[in-house]
Amino acid sequence: MVERGLALLILALLAGCSNTSDLRKAELSELATWLPGTYLNGPHELAFVPIYAPFISDNVFFTEERSTQDSRRVVSQRVIAFEVVDKQIVQASYAFAEPGRWRAGLQNPDLFKSLMEQDLKVQAGCEMLWVKDLEAGKFVGANDRKQCRASRAGGSLAFLDARAELTPDDYARSERYYNAGGRLLSGSDDEPLARWRKSE
C-alpha cells in the first residue's frame, strides 16, 4: 500500500509541475509517436498499431499480444485511446464485442475504418493517467485500483492495479489483481514491471 501511495503521489507531483493544456497536448503527441511498433519479451510479441476511430479520439491504437512461437495464438487484443482531459493525459481501454472479427487487424489496419461504437466495450473506471518523467526520459502511467474492476483469467472480477512505462525503445507494464479487502490475489507487491523491447 505504501509503494502504491508513493507511486500515485509521484504521478500527481509530476503532473502538477507543468499542468498547462498545451504542454499536455505536446507530450501526448510525443507519446503517440513513441508507442507504435512491435515489442518483444521472450516468447511473446506485443504490437501497437495506430487506427482510425475519430469517434473515440485522435490518438487510438489497436494492441495485440501473441506468441512468437505460434502466430495464430492470440493472448489478448484491445483498443486503447489517449486524450488530454482536465490537463492530464488519460488512457481509456476498450474490449471488442466480437474479438474474432478483428483478428486480421494487425496485418490490415484499414479494417478498423468500419469500427463503430457498438463494437467496443469500455473498461469503465480503469483509465490510466500518464505523465512524463523528464529526468528519466520516459512516460509513466498508472490507474486508480479502487475504481477499476476487471476480469481475471478464468472470468472472475477483481480490482486491477495497472502500471506502465514507455520510452522510445521499450514498453513495460504490470497488472496485479486484488480482492475487495486489498489482498493480492496473484504475484507479489514488489514484482517488477514486465519489460518489452521494441524490435521495429
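The values are calculated or read from the model by the stated rules, or taken from the named source; none is laboratory data. These figures come from a predicted structure and were not determined experimentally. Counting neighbours? That spans all protein chains shown, and the Cβs are built from the backbone with ideal geometry, glycine included.
Taking (1) modelled with pLDDT of 90 or more; (2) of a type outside the set (Phe, Trp, Tyr); (3) over 16 Å from the mean Cα position of the chain (by Cα) in turn, Arg78 satisfies each apart from (3).
Looking at the structure I just gave you, is Pro54 surrounded by fewer than 15 Cβ atoms within 10 Å (Cβ to Cβ) and farther than 22 Å from Arg163 by Cα?
Values: surrounded by fewer than 15 Cβ atoms within 10 Å (Cβ to Cβ): yes; farther than 22 Å from Arg163 by Cα: yes.
Considered against the rule, which asks whether it is surrounded by fewer than 15 Cβ atoms within 10 Å (Cβ to Cβ) and farther than 22 Å from Arg163 by Cα, Pro54 comes out as yes.
Which residues, counting only those in region 67-87, are touching a Leu at 6+ places or on another chain (Cβ under 8 Å) and either farther than 18 Å from Trp34 by Cα or of a type in the set (A, V, I, L, M, F, W, C) (or both)? Passing the criteria: Thr68, Val79, Phe82, Val84.
When we screen Phe82, Phe96 for residues that are aromatic (Phe, Trp, Tyr) and over 27 Å from Asp133 (Cβ atoms), the only hit is Phe96.
Hey, can you tell me all the residues within region 170-185 that are in contact (Cβ under 8 Å) with a residue 12 or more places away in the chain, out of contact with any helix residue (DSSP H, G or I) (no Cβ under 8 Å at 6 or more places or on another chain) and surrounded by 12 or more Cβ atoms within 10 Å (Cβ to Cβ)?
Within region 170-185, the subset in contact (Cβ under 8 Å) with a residue 12 or more places away in the chain is 170-180, 182, 185.
Among the residues that remain, those that are also out of contact with any helix residue (DSSP H, G or I) (no Cβ under 8 Å at 6 or more places or on another chain) are: 170-177, 179-180, 182, 185.
Within region 170-185, Asp170, Tyr171, Ala172, Arg173, Ser174, Glu175, Arg176, Tyr177, Asn179, Leu185 qualify.
Rundown of residues vs (1) touching a strand residue (DSSP E or B) at 6+ places or on another chain (Cβ under 6 Å); (2) hydrophobic (A, V, I, L, M, F, W, C); (3) modelled with pLDDT under 90, yes/no style:
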site: Ser67; (1), (2), (3): no, no, yes
site: Arg72; (1), (2), (3): no, no, yes
site: Val85; (1), (2), (3): no, yes, no
site: Gly100; (1), (2), (3): no, no, yes
site: Asp110; (1), (2), (3): no, no, no
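Within region 113-140, being of a type outside the set (A, V, I, L, M, F, W, C) and either in contact (Cβ under 8 Å) with a residue 60 or more places away in the chain or touching a helix residue (DSSP H, G or I) at 6+ places or on another chain (Cβ under 7 Å) (or both) holds for Lys113, Glu117, Gly125, Lys132, Asp133.
Of the residues that sit in region 34-67 and are hydrophobic (A, V, I, L, M, F, W, C) and part of a strand (DSSP E or B), which one is farthest from Ser114 (Cα to Cα)?
So the first thing to find is which residues in region 34-67 are hydrophobic (A, V, I, L, M, F, W, C), and the list is 34-35, 40, 46-49, 51, 53, 55-56, 60-62.
Of the ones still in play, those that are also part of a strand (DSSP E or B) are 40, 46-49, 60-62.
Details: Leu40: 29, Leu46: 23, Ala47: 20, Phe48: 19, Val49: 16, Val60: 14, Phe61: 15, Phe62: 14 Å.
Here the answer is Leu40.
Contact annotation: residue pairs with Cβ atoms under 7 Å, 6 or more positions apart or on different chains, pairing a residue in region 148-168 that is farther than 18 Å from Ile89 by Cα with a partner that is polar (S, T, N, Q) and not in a strand (DSSP E or B), are Ala150/Gln123; Ala158/Asn179. Taking region 1-33 as the range and being part of a helix (DSSP H, G or I), among the hydrophobic types (A, V, I, L, M, F, W, C), under 24 Å from Leu160 (Cα atoms) and at pLDDT below 95 as the test, the residues that pass are Val2, Leu6, Ala7, Leu8, Leu9, Ile10, Leu11, Ala12, Leu13, Leu14, Ala15.
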